[in-house]
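Participant: Dropping a structure here in structure tokens format, bear with me for questions.
The values are calculated or read from the model by the stated rules, or taken from the named source; none is laboratory data. Here the structure is a predicted model, which means the values were calculated and not measured. A quick note on method: Cβ atoms are made from the backbone with ideal geometry, for glycine too, and the neighbour counts reach across all protein chains shown.
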Amino acid sequence: MSGKQESVVDVQGTVEDGFEPVRDAFAANFARRGERGAAVTVYRHGRKVVDLWGGVKDGDADPDAATPPAPWEAGTAQVIRSATKGIAAIVPLLLHQRGQLDLDAPVGTYWPEFKAAGKDRVLVRHLLSHRAGLPVLDTPLTPAQAIDGVSGPAAMAAQAPAWTPGDDHGYHAQTYSWLLGELVLRITGRSIGNWIAEEIAGPLGLDLWFGLPEAERSRVGRLAELAPPPTAASAGLRVRAKTAVADAYQDPSSLTRRAFGAIDPGPDENDPAYRAAELPASAGIATARALARCYAALIGAVDGNPRLFAPATLTLARTEESAGPDRTLVVNTRFGLGFMLHGPASPLLAPGSFGHPGRGGALAFADPESGVAFGYITNGMQKNVTADPRARALAGAVSDVVG
């Protein structure tokens, strides 16, 4: 432990009897793991059992400023980065469940222009399982092009795969936005943000947006990149060095660097224009309550609302489609259809869990066997892609409680 005094934060919210270890882990994230502002919500069997928040609303707030930073409040929301992908994946699976989408059909069946450059055999399931061979763009998009709704899909239609589609997998960090968004638009005639608002967020009462309305801007805190806390390893967490990933990211020719650099320069996630965009790979905005409630609704009834996923759809979501060395992330990853599955690179709760982390911290998942649904958001984005120590500590505390 360092000699530096631990940060003490007044944790707000409630936990049901027996879930006190989650509150302890949440407080410890502020004291020992560099947390600035965050929230965590847990549902079990359709009931909210943990609902906590604390810290400051803006991750880049100056604690020594003359005016105290605005506190995180019960309804504070945040950009959730790639945790967006898990919410986005609900849409094609529900379209399949309703008979509107064939997961084994070529993408070109719905999006004819996509067939170009050797992509006529790319299947819908390849997009969802990161097997399409399209994690990079030969010519990256500018931030303005990335959000204009036209340039991204056009670039994907023209792009040749980096490997034979279906033969291997590699995380489609940014390109997932234009691939999935355009597919949904072609099938439904609605943008993915509108579809989610009308079919999921509205009926379930979720504070969750793909395309933040101007009226909700004031609820969303600012993100800030934070250095990893020096005491993380001594806090009892298994922190694995990811030298190979770091080396790959430094290599301009690597799939890792090019995949995350498909928007160049990288977008300003605090920019209102970015937050108003519908980017299902990275720009979703939600409260922790909304994430947990959404995943709870996938696996069971919530407050009288019927479960979203039929048993067969739930099986599709968490049946392994991709596993092993990831061409983009370098480490071993596991994917179902649109969701990351429990494993060393994306530790969730148990082997049957499915969900998605967000680069730098956010995490949302469901575990059907225990009836747990989990949502965690933060404004302090640490430099990791998966397995954030703060999220792991919280999920570990939930695991200890539910057994």
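Participant: Among the residues in the stretch 108-115, are any crowded, with 24+ Cβ neighbours inside 10 Å and either at positive phi or acidic (Asp, Glu) (or both)?
Facilitator: Looking through the stretch 108-115, none of the residues is crowded, with 24+ Cβ neighbours inside 10 Å and either at positive phi or acidic (Asp, Glu) (or both).
Participant: I'd like the full set of residues that are within 14 Å of Val122 (Cβ to Cβ) and of a type in the set (A, V, I, L, M, F, W, C), limited to the stretch 148-179.
Facilitator: Scanning the stretch 148-179 gives Met156, Ala157, Ala158, Ala160, Ala162, Trp163, Trp178, Leu179.
Participant: Quick check on Gly152: is it without any contact (Cβ under 8 Å) to a residue 40 or more places away in the chain, in contact with a helix residue (DSSP H, G or I) (Cβ under 8 Å, 6 or more places away or on another chain), in a helix (DSSP H, G or I) and under 22 Å from Ala277 (Cβ atoms)? Steps first, answer last, please.
Facilitator: Numbers: without any contact (Cβ under 8 Å) to a residue 40 or more places away in the chain: yes; in contact with a helix residue (DSSP H, G or I) (Cβ under 8 Å, 6 or more places away or on another chain): yes; in a helix (DSSP H, G or I): yes; under 22 Å from Ala277 (Cβ atoms): yes.
Answer is yes for this residue.
Participant: Hey, another quick one. Would you call Ser218 of a type outside the set (Lys, Arg), in a helix (DSSP H, G or I) and modelled with pLDDT of 85 or more? Don't jump to the end; show me each part of the working.
Facilitator: Details: of a type outside the set (Lys, Arg): yes; in a helix (DSSP H, G or I): yes; modelled with pLDDT of 85 or more: yes.
So Ser218 passes the test.
Participant: Only one residue in Ala276, Ala323, Ala244 is surrounded by fewer than 23 Cβ atoms within 10 Å (Cβ to Cβ), more than 20 Å from the chain's Cα centre (by Cα) and either over 25 Å from Glu182 (Cβ atoms) or modelled with pLDDT of 95 or more (or both), so which one is that?
Facilitator: Details: Ala276 fails: more than 20 Å from the chain's Cα centre (by Cα); Ala323 fails: more than 20 Å from the chain's Cα centre (by Cα).
That would be Ala244, the only listed residue that is surrounded by fewer than 23 Cβ atoms within 10 Å (Cβ to Cβ), more than 20 Å from the chain's Cα centre (by Cα) and either over 25 Å from Glu182 (Cβ atoms) or modelled with pLDDT of 95 or more (or both).
Participant: Among the strands (runs of 3 or more DSSP E) confined wholly to the stretch 335-397, which include 1 or more residues that are within 14 Å of the chain's Cα centre (by Cα) and surrounded by 23 or more Cβ atoms within 10 Å (Cβ to Cβ)? Break it down into steps so the answer makes sense when it comes.
Facilitator: Details: elements: 354-357, 363-367, 372-378, 380-382.
The strands (runs of 3 or more DSSP E) meeting that bar are 354-357, 363-367, 372-378.
Participant: Count, please, the residues in the stretch 50-103 that happen to be under 22 Å from the mean Cα position of the chain (by Cα) and not in a loop (DSSP other than H, G, I, E, B).
Facilitator: Qualifying residue count, the stretch 50-103: 24.
Participant: Give me the residue from the stretch 376-390 that is out of contact with any Asp or Glu (no Cβ under 7 Å at 6 or more places or on another chain) and at pLDDT 95 or above and, out of that set, nearest to Ser282 (Cα to Cα).
Facilitator: So, considering only residues that are out of contact with any Asp or Glu (no Cβ under 7 Å at 6 or more places or on another chain) and at pLDDT 95 or above, the one nearest to Ser282 (Cα to Cα) is Ile377.
Participant: Can you go through Ala310, Ala290, Ala301 and tell me which one is crowded, with 22+ Cβ neighbours inside 10 Å, within 30 Å of Val50 (Cβ to Cβ) and in contact (Cβ under 8 Å) with a residue 24 or more places away in the chain?
Facilitator: Values: Ala310 fails: crowded, with 22+ Cβ neighbours inside 10 Å; Ala301 fails: crowded, with 22+ Cβ neighbours inside 10 Å.
Exactly one of Ala310, Ala290, Ala301 is crowded, with 22+ Cβ neighbours inside 10 Å, within 30 Å of Val50 (Cβ to Cβ) and in contact (Cβ under 8 Å) with a residue 24 or more places away in the chain, namely Ala290.
Yes or no, residue by residue, for (1) among the small types (Gly, Ala, Ser); (2) at positive phi; (3) touching an Asp or Glu at 6+ places or on another chain (Cβ under 7 Å):
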residue: Glu320; (1), (2), (3): no, no, no
residue: Gly324; (1), (2), (3): yes, yes, no
residue: Gly352; (1), (2), (3): yes, no, yes
residue: His356; (1), (2), (3): no, no, no
residue: Phe365; (1), (2), (3): no, no, no
residue: Pro368; (1), (2), (3): no, no, no
